[in-house]
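These notes concern the structure reproduced below.
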Amino acid sequence: MYPLTYLDILEEDLVLLNQEEPKNTSRVNLHEKYKDKFLVNPTLNRSLISFQANKSEPIYRWFKYKEGFSSKFVKYILNKFKKAGSNQVVLDPFSGIGTTITSAMELGYNSIGIELLPPAILATEARILTNRINIQEFHTYLSEIKQLNFNDKSVSKKYFFKHLTITKGAFPDETEIGIAVMNKFVETKISNQDIQTLIRFAVSSILEDVSFTRKDGQYLRWDHRSNRNLKADFNKGIIFPFRDRLIQKLTDIITDIQSTPQKESSNTYTLINGSSLFELHNIDNEYVDLVITSPPYCNRYDYTRTYALELAYNGIDDNSIKQLRQTLLSATVENKSKFINLQDFYECIGKKEVFESLVSNFKENDALNEALRSLNYHRNILNNKNIPIMVANYFFEMNLIIAELARILKKGGKIIMVNDNVRYNGDEIQVDLILSEFASKLGLKTDVIWILERGKGNSSQQMGVHGRQELRKCVYVWTK
Ligand SMILES: C[S@@+](CC[C@H](N)C(=O)[O-])C[C@H]1O[C@@H](n2cnc3c(N)ncnc32)[C@H](O)[C@@H]1O
């Protein structure tokens, strides 16, 4: 009998717990088992495995996706694990704005990306199509855009930005009109699909700059000049006029395309707008040579709030944003268990036994169980009672993902995963080691866990309480 939800697992543990705080034994043992795998890799600095290094890279700099890693990082990995042979396939099951996909294509690989957020898909498409865009035609459109009346108050309501509840009031009135003028222009004047995509992407990528909001950790932070700011003390600095910012962005795009040689490429790519939990099953056994990825971290970060403006612009409404939030890999306290859905899905595709063995794999991970029991024991003093369930959901889903990656990887193929450990109430969750344990049960050997020279605290508040313990920021390398 499966537990209905992770709550059952945890409550079962609560009984077992008998009100005693769990010891640290399994977690210490796990650390002991893997301690020789840790290696500080001085090449992998913070800038390289974050978006930072992209800021000076033509084309990669267009859309600030703070959760992304850099093209230089992907190329470093591809060069390091290069092997002979053509038509090799690189996969990123959490492809974000497609850094892995396009970097791999640049180096001659075929690539596959899976991603759920429409604005991230749009950013990936925009970068891919730069190789085939007619730059002359794009120039002509830019000249026409410069002539547009961005204050045209007669523009039809149907072209206005469709706000979500959480984005209402995000733009000054003149920007609302400017966006509508641009939407009308794209819909009625541009027939070339690629140019439409590129211009829509340009608008999507400047929304934060022209709004009263700033992406700030978990939520959008509202400037005091908006009508929504409750605390009325935050000043985000310049709120750019829409027309200026758009023209600047389009000019940057043209400059970057012109400065980057367009090359004929026979490489293929597949970009899937869906969830890896369900889409990886469509990939054949032993099809992929290399996986380079960074899943969401187990840190309560909510992409649907941070990217609310871009999601709304890309057609997500109040209903679909809720659904999207639940479809993303569980990493927020709002995520409900996907257990039943996944169970049904595996049954439906004839993989009931696989699912059962993955449930066992999950339950037999001693260090994870200990960490969950410890979180559960401290549930009342955690700043949210759903944290233990969120952590359980996260690992359960990652276990399924790793199993699928192990299946579709060629023998000798590698998985390179960027992820951070996290801390709740002073307990470090050994994300790197727990996932490596899952991997080892699934036929993957941990070659190395590269660690960055300096970790980071979970929050300044926790640092105060728990001292300056550093959390591992890691890149794991697993081989099949
Ligand atoms: C850490 S980011 C990866 C960023 C990427 N490396 C880049 O450079 O852009 C994790 C990504 O996973 C995506 N994601 C979350 N759950 C997913 C799921 N179930 N299937 C596919 N993608 C998912 C998020 O939307 C986010 O873009």
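Only the coordinates and a few stated rules stand behind these numbers; no lab work does. The shown structure was predicted, so the numbers you read here are calculated from the model rather than taken from an experiment. Note that we place each Cβ from the backbone using ideal geometry, even for glycine, and neighbour counts take in every protein chain shown.
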Two-decimal ratio, the chain, of alpha-carbon radius of gyration to 2.2 N^0.38 Å:
1.02
Restricting to Cα pairs below 8 Å that are 6+ residues apart, what does the relative contact order work out to for the stretch 203-338? Please round to a whole percent.
27
Rounded to the nearest 10 degrees, what's the angle between the helix 135-147 long axis and the longest principal axis of the chain, both from Cα atoms, 0 to 90?
70
Taking the Cα centre as origin and putting +1 on Lys and Arg beta-carbons and -1 on Asp and Glu beta-carbons, what dipole magnitude results for the stretch 135-259, to the nearest 20 debye?
520
So D36 and N319, fully extended at 0.36 nm per residue minus their Cα-Cα distance, gain in nm 97.1 nm
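Can you tell me, using C-alpha contacts under 8 Å and at least 6 residues apart, the relative contact order of the stretch 135-259 as a whole percent? Walk me through the intermediate numbers first.
Details: 120 pairs, mean separation 32.9, N = 125.
After rounding, I find 26 percent.
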Under unit Cβ charges (Lys, Arg +1; Asp, Glu -1), what dipole magnitude, rounded to 20 debye, does the stretch 188-287 have relative to its Cα centre?
740
Nearest 10, in degrees from 0 to 90: the angle of helix 71-80 to the longest Cα principal axis of the chain is 50
Find the relative contact order for the chain and round it to a whole percent, using C-alpha pairs within less than 8 Å whose residues are 6+ positions apart.
20
Roughly how far apart, in whole Å, are the Cα centres of the stretch 375-440 and the stretch 167-239?
35
In whole Å and largest first, what semi-axes does the C-alpha gyration tensor of the stretch 135-259 yield when each eigenvalue is scaled by 5 and square-rooted?
27, 17, 12
What FRET efficiency, computed as 1/(1 + (r/R0)^6) with R0 = 35 Å and r the Cβ-Cβ distance, is obtained for E470 and K410, rounded to the nearest 0.05?
0.45
The answer for GluC sites (Glu not before Pro) in the stretch 263-322 that fall in a DSSP coil and have at most 16 neighbouring Cβ atoms within 10 Å is E264, E286
Between helix 318-327 and the chain, what is the angle of the helix's C-alpha long axis to the longest principal axis, kept within 0 to 90° and rounded to the nearest 10?
40
Treating only the Cβ of Lys, Arg, Asp and Glu as charged (+1, +1, -1, -1), what charge dipole size does the chain show about its Cα centre? Round to the nearest 20 debye.
1060
